[in-house]
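The values are calculated or read from the model by the stated rules, or taken from the named source; none is laboratory data. Computed from a predicted model, the values in this text were never measured in an experiment. Quick reminder, even Gly has a Cβ in these numbers, built from the backbone with ideal geometry, and neighbours come from all protein chains shown.
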């Protein structure tokens, strides 16, 4: 066989393999070049989502913290549990009235006496803020936190989505605790609140959850 033909037959597979390898490398490089900007955009979306959840939670911590002293007054009252059933019923009806004031309790409970602890607590709250119930209710706007949480659960990753959901649960616990105070639920003689709903503890658990989420979000962003 002609030496030139033999050389061609030997070198052709090598050339084909080299061309195939070059083609594959080019495809991989192109995919990498395309994926780079996509990853950068997604990372920015995650960063924005994490920042918004932190901002919304800090705002919520501030607004609820501003009335925490009012909530604490409500939960600090411990009524006597030896009230007659009809007195307890009258008391619950009176407390359910919007805007009920301490000066109106005596008439609402007659002929029964107003519990001293309740009368003192209502008077102190009205001195702190005549609109204390409205102040507490106005601090319960948790919608921004919940919206931001839903975006983080969508963006991920999974461990940050779980921490975001925990943050939402803690924020909702604050809302429930504060709402009970605004509704005077802890004043009801037949309701005994547990330490699970102590305002300081509930608020502290939300702050702890925010710190945990912030640390995990920072670690995730810095790792990529």
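Here's a check for you: in region 121-133, which residue that is free of Cβ contacts under 8 Å to residues at least 40 places away in the same chain and surrounded by fewer than 20 Cβ atoms within 10 Å (Cβ to Cβ) is nearest to residue 55 (Cα to Cα)?
Narrowing region 121-133 to residues free of Cβ contacts under 8 Å to residues at least 40 places away in the same chain: 122-123, 126-127, 130-131.
Subset that is surrounded by fewer than 20 Cβ atoms within 10 Å (Cβ to Cβ): 123, 126-127, 130-131.
Working: 123: 36, 126: 32, 127: 32, 130: 30, 131: 28 Å.
Taking the candidates together, the pick is 131.
Consider residue 14 carefully, then state whether it is on the phi < 0 side of the Ramachandran plot, part of a helix (DSSP H, G or I), touching a helix residue (DSSP H, G or I) at 6+ places or on another chain (Cβ under 6 Å) and modelled with pLDDT of 55 or more.
Values: on the phi < 0 side of the Ramachandran plot: yes; part of a helix (DSSP H, G or I): yes; touching a helix residue (DSSP H, G or I) at 6+ places or on another chain (Cβ under 6 Å): no; modelled with pLDDT of 55 or more: yes.
Against the criterion (on the phi < 0 side of the Ramachandran plot, part of a helix (DSSP H, G or I), touching a helix residue (DSSP H, G or I) at 6+ places or on another chain (Cβ under 6 Å) and modelled with pLDDT of 55 or more), residue 14 does not qualify.
Out of (1) out of contact with any helix residue (DSSP H, G or I) (no Cβ under 8 Å at 6 or more places or on another chain); (2) modelled with pLDDT under 80; (3) in a helix (DSSP H, G or I), what's the single condition that is false for residue 87?
For residue 87, the exception is condition (1).
Could you list all residues from region 154-166 that are surrounded by 16 or more Cβ atoms within 10 Å (Cβ to Cβ) and more than 11 Å from residue 213 (Cα to Cα)?
Answer for region 154-166, where residues must be surrounded by 16 or more Cβ atoms within 10 Å (Cβ to Cβ) and more than 11 Å from residue 213 (Cα to Cα): just 155.
Confirm whether residue 211 is part of a helix (DSSP H, G or I) and within 14 Å of residue 73 (Cα to Cα). Explain how you work it out, then say what you get.
Numbers: part of a helix (DSSP H, G or I): yes; within 14 Å of residue 73 (Cα to Cα): no.
Taking the combined requirement at face value, the residue does not satisfy it.
Looking at (1) in a helix (DSSP H, G or I); (2) surrounded by fewer than 13 Cβ atoms within 10 Å (Cβ to Cβ); (3) modelled with pLDDT of 85 or more, find the lone condition where residue 137 falls short.
Among (1) in a helix (DSSP H, G or I); (2) surrounded by fewer than 13 Cβ atoms within 10 Å (Cβ to Cβ); (3) modelled with pLDDT of 85 or more, residue 137 violates only (2).
Of 151, 114, which residue is crowded, with 18+ Cβ neighbours inside 10 Å and either touching a residue at least 60 places away in the same chain (Cβ under 8 Å) or not in a helix (DSSP H, G or I) (or both)? Can you show your working first?
Working: 151 fails: crowded, with 18+ Cβ neighbours inside 10 Å.
Among 151, 114, only 114 is crowded, with 18+ Cβ neighbours inside 10 Å and either touching a residue at least 60 places away in the same chain (Cβ under 8 Å) or not in a helix (DSSP H, G or I) (or both).
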